[in-house]
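Please read the structure below before turning to the comments.
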Amino acid sequence: MGGMTSTMAARFAFFPPDPPSYRVVVEDEASGRLSMTTVTPREGVEVRRLWTRRGSGIVAMYVTNPDAKLTLLYSHGNAADLGQMYELFVGLSNHLRVNLMGYDYSGYGQSSGKASEQNTYADIEAAYKCLKETYGAHEEDIILYGQSVGTGPTLELAAHLPRLRAVVLHSPILSGLRVMYPVKHTYWFDIYKNIDKIPLVKCPVLGTEDNVVDCSHGKRLWELCKEKYEPLWIKGGNHNNLELFPDYIRHLKKFISAIENLVVRKDESVETSDVTEAPRTSSDCLESSRMSTDQTDMSRSSTVSGDKSKRRTESGGKSRPSTDRREKSRKSVDSSKDMKDDMDQPEKPRKSSDRFGDMMRSMGLCNMDCLKDTASKA
């Protein structure tokens, strides 16, 4: 029963576009430089073929930004390939001022092999190794970004990298079976057991959510994070258009700006004001006003601890930040950046797609929104 359920979960986890949306050609015989067809050639984009420890040859693309301090490693959703993600990756690199590597899982696009949970773990390891060895990226300057099923390999890698700069979870899942059934325990045959791995992640985590994967998945993972950052729940957003929302780009820019400026000094563990900002409440999916505090502090400072102690003494009980304090904090952080960000709209990147929740609906296993063409394929 367990093996059959696990196989079924894996079957509905992967939907590589068929046929692939692009091909890989040798652009220069002498250097062996590769390029992708069906996409617009861009300055600063490199295409590579990487070999994984499980024998797959996966395709990866690397977008260079001359102003970048950080590098984003993006694990896409389960129903897209690099050809479909190309414009989005170029746009994100430009707007967020980061270098960006995206890759196709085994069995996706022009990557060889077969899509499976274990292969995706080997795939992201190969991409991470390339960032370090080929592009000279350091662990502490890398942000892991996972979308839906991509949060599986993202958290698997993040759990083993204690010095990562940050993790972004875009419409995450608790586990494969938890998308299909409301189980409360993790079974050995489950796939992508994110709920068990998130407590092992030591770096700041940003969560974004939509209405395809149930909001409870993102909320629960956020609660289990050790280093929380103000989450972003977008009303009306889904897997296919979340990147097109101005709030999405603005919030990501704010998060990256905060972790760029994060400095942990040896003599005092005090971070920048961008990170310690009091968050907004997320009324779309979270219930009452929970403090989604930007806990990107690698260690709590003595200054903050002393301030909390003082407030408890003055109030005679548990302290709650006042509305004025939250608003003041928000204004001080947002005034210099978000005023500009409001005018900085993305260039309508190509929509990314994901069908993980959709197929669950078509199978009658979970109450989720679905794409029209998915049900017919089921």
Report task. Scan region 45-89 residue by residue and report those that are surrounded by fewer than 18 Cβ atoms within 10 Å (Cβ to Cβ) and free of Cβ contacts under 8 Å to residues at least 24 places away in the same chain. Result -> GLU46, PRO66
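Restricting the search to region 98-112, which residues are among the polar types (S, T, N, Q) and either over 16 Å from the mean Cα position of the chain (by Cα) or assigned to a helix (DSSP H, G or I) (or both)?
Initial filter on region 98-112 (among the polar types (S, T, N, Q)): 99, 106, 110-112.
Answer for region 98-112, where residues must be among the polar types (S, T, N, Q) and either over 16 Å from the mean Cα position of the chain (by Cα) or assigned to a helix (DSSP H, G or I) (or both): SER106, GLN110, SER111, SER112.
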Requested in this report: Find all pairs meeting these conditions: Cβ atoms under 8 angstrom apart; at least six residues apart or on different chains; first residue within region 1-27 and within 12 Å of GLY83 (Cα to Cα) and at pLDDT 95 or above; second residue outside any loop (DSSP other than H, G, I, E, B) and among the aromatic types (Phe, Trp, Tyr).
Outcome: TYR22/TYR86
Requested in this report: Say whether the condition of being surrounded by 24 or more Cβ atoms within 10 Å (Cβ to Cβ), out of contact with any Ser or Thr (no Cβ under 9 Å at 6 or more places or on another chain) and of a type outside the set (A, V, I, L, M) is met by at least one residue in region 97-116.
Outcome: yes
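The values are calculated or read from the model by the stated rules, or taken from the named source; none is laboratory data. From a predicted model like this one, the values you see are computed outputs, not experimental measurements. As a convention, Cβ positions derive from the backbone with ideal geometry for all residues, glycine included, and neighbour counts pool all protein chains shown.
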